[in-house]
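*Asks:* Got a structure for you, written out below as structure tokens; questions coming shortly.
Bear in mind these aren't lab numbers, they're just calculated from the coordinates by the rules spelled out. Everything numeric in this text was worked out from a predicted model, so none of it was measured. Cβ placement follows ideal geometry from the backbone for every residue including glycine, while neighbour counts extend to all protein chains displayed.
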Amino acid sequence: MLIDLHTHSSVSDGTDSPSELVRAARDRGLDVVAITDHDTTAGWDEALSAAPSGLVVVPGMEMSCVGRGEDGDPVPVHLLAYLFDPNNEVFAGELERLRSERAERIRLMAELLAADHPAIVPDEILAATGESAGRPHLARALVDAGIVGSVQEAFDSHLATDSPYYVAKIDTPLELAVEMIAAAGGVSVVAHARARSRGRLLDPTQIRELATLGLDGLEVFHADHNADDTRFMSDLADELGLIATGSSDYHGKNKVLELGEHTTEVDQYDRILAAASRVP
Ligand code: AMP
Ligand code: ZN
Ligand code: FE
Ligand code: FE
């Protein structure tokens with residue numbers, strides 16, 4: 001069984017449409033794939049109805065949260081959510097707020113970039129962001145305009161958190177997000193918590209606290225985790241009795257990651273299914 005529980009479509013900042021994504025997943029030999037676009041469930045219907053036979057599509061999402069960094073200051077954290085009720089009013093309202101934060105923030109960054117780089121046209125970028133705007137959309141525009149050579153170079157320069165073009169957004173507090181996902185019948189998994197190449201890290205003490213508040217799992221196997229960090233996350237999941245997942249974080253052409261590059265063990269996937277739809 002090949003199980004990949006973290007992928008993005010063009011509904012957020014990937015480049016495959018949801019149908020292309022599920023077909024590509026089957027072509028790669030996956031048995032299970034989760035669609036986890038940033039802060040939106042807009043790709044679910046297309047992905048589920050386009051699922052080729054032999055492939056199970058798990059409806060999911062990657063939620064933009066804010067946690068406590070190892071230095072005590074706020075740090076952005078991504079929280080994967082699976083199999084929740086997308087019509088839960090409180091949760092759907094919070095997701096709508098996150099998406100408008102995203103759109104507003106990408107517009108501000110695009111305007112700052114445009115002031116120095118006339119080839120950047122904010123309206124064009126915003127028109128091409130799907131349901132959920134993100135920095136990868138700006139990265140594409142910077143590459144297409146010839147301002148940088150690659151998406152990676154864009155993230156290392158103009159889009160870095162210490163760049164003058166960077167604008168922060170107001171994300172959901174991690175504890176609140178865990179509670180909201182549970183209240184909507186879903187399963188919560190902290191994504192790539194040791195991805196040190198992305199910047200400062202989440203305080204593991206907060207992971208211990210979240211485990212007592214209903215957090216279900218940790219993403220252990222991920223391209224941004226080195227061997228030591230993978231072992232650290234795996235040990236932490238064991239110690240706290242949390243589900244351990246692995247996944248590609250595939251973004252189509254916006255990242256150099258392949259579907260199924262990292263995968264989840266079937267016993268851990270079964271725990272996700274068992275944890276879903278429980279009465280909160
Ligand atoms: P945002 O959520 O708009 O702040 O953008 C962050 C997203 O950009 C992440 O979810 C990643 O998918 C992507 N990302 C972050 N760092 C990089 C990088 N160095 N290269 C390519 N994509 C990145
Ligand atoms: Zn992304
Ligand atoms: Fe992420
Ligand atoms: Fe992701």
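*Asks:* What is the stretch 183-280 by shape, rounded, prolate or oblate, if you read a ≥ b ≥ c off the alpha carbon gyration tensor as root eigenvalues and call it rounded for a/c under 1.5, prolate for a/b larger than b/c, and oblate otherwise?
*Replies:* oblate
*Asks:* In terms of the Cα gyration tensor, with a ≥ b ≥ c the square roots of its eigenvalues, is the stretch 221-277 rounded because a/c is under 1.5, prolate because a/b exceeds b/c, or oblate?
*Replies:* Numbers: a/c = 2.86, a/b = 1.33, b/c = 2.15.
Cα axes put the stretch 221-277 in the oblate bin.
*Asks:* I'd like to compare 263-273, 212-222, 29-39: which one has the highest average count of other Cβ atoms within 10 Å, and what's the full order after that?
*Replies:* 29-39, 212-222, 263-273
*Asks:* Could you work out the helix-only [θ] at 222 nm for the chain, with each DSSP H run of four or more residues adding -39,500 (n - 2.57) and the total divided by the number of residues, to the nearest 500 deg cm²/dmol?
*Replies:* -12000 deg cm²/dmol
*Asks:* So, with +1 on the Cβ of K and R and -1 on the Cβ of D and E, and no other charges, what is the size of the charge dipole of the stretch 100-156 about its Cα centre, to the nearest 20 debye?
*Replies:* Magnitude of the dipole: close to 100 debye.
*Asks:* Once the dipole of the chain is set up with Lys and Arg at +1 and Asp and Glu at -1 on Cβ about the Cα centre, which of 60, 151, 240 lies farthest towards its positive end?
*Replies:* It is 151.
*Asks:* I want the antiparallel fraction of DSSP beta bridges within the stretch 1-114, as a percent rounded to 5.
*Replies:* Within the stretch 1-114, antiparallel bridges account for around 55 percent of the total.
*Asks:* Report P(r) for the chain: all Cα-Cα distances, bin width 10 Å, range 0 to the bin holding the largest distance, values in whole percent.
*Replies:* Percent of Cα pairs in each bin: 7, 30, 37, 21, 4, 0.
*Asks:* Give a residue-ordered list of calculated ³J(HN,Hα) values for the stretch 119-129 (Karplus: 6.51 cos²θ - 1.76 cosθ + 1.60, θ = phi - 60°; whole Hz; x for Gly, Pro).
*Replies:* 6, 7, 10, x, 4, 5, 5, 4, 5, 10, 9
*Asks:* Lys/Arg Cβ at +1, Asp/Glu Cβ at -1, dipole of the chain taken about the Cα centre: which of 82, 260, 164 is farthest positive-ward?
*Replies:* Comparing the listed Cα positions along the dipole, 164 ranks first.
*Asks:* Do you know the relative contact order of the chain, to the nearest whole percent, from alpha carbon pairs under 8 angstrom that are 6+ apart?
*Replies:* 24
*Asks:* Would you mind telling me the antiparallel percentage of the DSSP bridges in the chain, rounded to 5?
*Replies:* Of those bridges, close to 45 percent are antiparallel.
*Asks:* If I take R0 = 30 Å and measure r between the Cβ atoms of residue 152 and residue 103 in this structure, what FRET efficiency does the formula 1/(1 + (r/R0)^6) give, to the nearest 0.05?
*Replies:* Efficiency, from the Cβ-Cβ distance: 0.80.
*Asks:* In percent, what relative contact order does the stretch 100-156 have, based on Cα pairs under 8 Å that are 6 or more apart in sequence?
*Replies:* Details: 48 pairs, mean separation 16.6, N = 57.
29 percent.
*Asks:* Next up: Could you state the number of Å between the C-alpha centres of the stretch 1-79 and the stretch 162-213?
*Replies:* 17
*Asks:* Positive end of the charge dipole of the chain (Lys, Arg +1 and Asp, Glu -1 on Cβ, about the Cα centre): tell me which of 213, 29, 177 has its Cα farthest that way.
*Replies:* The listed residue farthest towards the positive side: 29.
*Asks:* Mind listing the long-range amide H neighbours of residue 69? Cut-off is under 5 Å, sequence gap 5 or more, other chains count too, H placed in the peptide plane at 1.01 Å from N.
*Replies:* Those qualifying (amide H under 5 Å, at least 5 residues apart or on another chain) are 75, 203.
*Asks:* Would you compute the Debye intensity of the stretch 100-156 from its alpha-carbon atoms alone, equal scatterers and no solvent, and pass along log10 I(q)/I(0) at q = 0.29 Å⁻¹ to two decimals?
*Replies:* -1.27
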